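First comes the structure, then the notes that go with it.
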Amino acid sequence: ALDISSVNLAHQAPSALSALTRLFQPALRQCPTMVLSRLPEMLRLSLAGIDSNDQNKTMRTLIFYRNLVMWLPVGGALNIALDDKETKGTIQIGEGLMDQRNSIVGSTSYKNALASLPESSILAQTNAAMLDTDIDFGTVMEEAMLAMSDWSLAFLDRVYELL
């Protein structure tokens, strides 16, 4: 709905953005590789949602961005020692986010709890192959954070363009 070639679907953009806002966090918890691998495209397409002629679409886009940055850090992870004098008072937060998530999802009790859910449950309808793959979540997360870093510059450029 936000792609430039979708002129006939522009009225669906606010609904699509609202759906992304609501589904981002549960999808990130359920299948992070799917969400993180599609993140650069979501970010690129959603920039068109900042529109000076459509306040509803702009507000829904900004709400989506707020939700997005609540769950994903912007920028690449820095491996800086806490006693490093070059940091000038800044600290890194969220170190080991995916390791923490994987320790929960990879646990036997989590898999047993999923197996005991009824088949009609949304949580039970997970792609088991995604849970058991050897995908390096650290690399996927790092790429997503770098995409967020690039997006932040494009976002600011878009906002200043409309001012």
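Read the figures in this text as sums done on the coordinates, not as results from a lab. Since the structure is predicted, the reported quantities are computational estimates derived from the model, not experimental observations. When we count neighbours, we look across all protein chains shown, and the Cβ atoms used for this are built from the backbone with ideal geometry, even at glycine.
Overview of values
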quantity: Met70-Asp54 pseudo-label distance in nm [points 7 Å out on the Cα-to-Cβ vector]; calculated: 2.4
quantity: Cβ crowding within 10 Å averaged over residues, with 144-152, 106-114 ranked highest first; calculated: 144-152, 106-114
